[in-house]
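In what follows, a structure is listed as structure tokens, so that the remarks can point back to it.
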Amino acid sequence: VTPTRIVDLVRVLADAGVEFIIVGGVAANLHGSATTTVDLDVVYRRTEENLARLVRALAPFEPYLRGAPPGLPFRFDVGTLRRGLNFMLSTSLGAVDLFGELIGGGTYEDLLQDSDASPILGHSTRYLSLERLIVTKRATGRPKDLMAIAELEALLEERGKR
Amino acid sequence: MESSPPPALAPDPIIDVLKRDVDRTLLRENLQRTPEERLLNLQRALDGLAELRKVFGVPGR
């Protein structure tokens, strides 16, 4: 059993100064969703400096392509990140998805204005706004997301009542 | 810090039906917490799940 250490994943990224925005299920949780999620999805900024920070942050935790057969010549380094865009990884801290760009969502720079920032684990941590999260989930059009969208919209209504 | 007021989201009849099944009491409880507390609660839930998987010998992710 590999425990998912989402708190530690967020901490190592933030401690390394990585510029990222939490999206997906963990962002929904940060807004108050009651649904449990087992991986961390982030949109990362694709500057050379940030790619280097990302590598420094995650390299000690054995990142590998999730679901890929063992033994592939996968190197988690700046060159690999530069040549690719979105990476679904397993690490010794759990699953983490790194998005250079979100479907229906855009890049780090695009999403910045639609993100919230809160003090989390000693850092000002960015996560996608509830409204943009709903728009993004709707854009993916996956049937499995329908219940999640319903919960997020209910959350938006409840927040509006406060 | 919360973002600006929501843009208009067109109503979706399927989502509106599904919304009736959402347990809003849990959402209201969560809204009283800070984002950091919500994250730590998520981690506690995941730790509990991992413990259950260990006890019952269920392979986890």
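With only the Cα atoms considered, segment A:50-104 has a convex hull volume of 90 Å³ per residue. Loop-resident GluC sites (Glu not before Pro) (DSSP state other than H, G, I, E or B) in segment B:10-61 with no more than 14 further Cβ atoms inside 10 Å of their Cβ are absent. Dividing the mean sequence gap of close Cα pairs (under 8 Å, 6+ apart) by how many residues chain A holds gives a relative contact order of 26 percent. The aspartates and glutamates within cross-link reach of B:LYS19, meaning a Cα-to-Cα straight distance under 15 Å and a gap of 8 or more places when in the same chain, are A:ASP145, A:GLU151, A:GLU153, A:GLU157, A:GLU158. Taking every full run of DSSP H in chain A, the ones that stretch at least 20 Å from end to end by Cα along their long axis and average 0.0 or higher on the Kyte-Doolittle scale are A:146-161. Kirkwood analysis of segment A:89-162, using all unique Cα-Cα pairs, places the hydrodynamic radius at 14.1 Å.
Taking the DSSP beta bridges with both ends in segment A:43-162, the antiparallel portion is around 95 percent.
Taking square-rooted eigenvalues a ≥ b ≥ c of the alpha carbon gyration tensor, is segment A:1-89 rounded, prolate or oblate, where a/c under 1.5 means rounded and, failing that, a/b exceeding b/c means prolate? Oblate, since a/c reaches 1.5 and b/c is not below a/b. Using Cα centres only, tell me the gap between segment A:130-162 and segment A:26-67 in whole Å. One Cα centre to the other: 21 Å. Computed from label points 7 Å out along Cα-Cβ, the spacing between A:ALA68 and B:ASP21 is 3.7 nm. With the helix formula -39500 (n - 2.57) applied to DSSP H stretches of n ≥ 4, the protein assembly as shown reaches a computed 222 nm mean residue ellipticity of -14000 deg cm²/dmol. Between B:ASP12 and B:THR34, the distance separating the two model label sites (each 7 Å from Cα on the Cα→Cβ line) works out to 3.3 nm.
The Rg/Rh ratio of chain A, with both radii computed over alpha carbons and Rh defined as the Kirkwood radius, is 0.96.
No lab work stands behind these numbers, since they all come straight from the coordinates. Because the structure is predicted, anything quoted here is derived from the model rather than measured. Note that we place each Cβ from the backbone using ideal geometry, even for glycine, and neighbour counts take in every protein chain shown.
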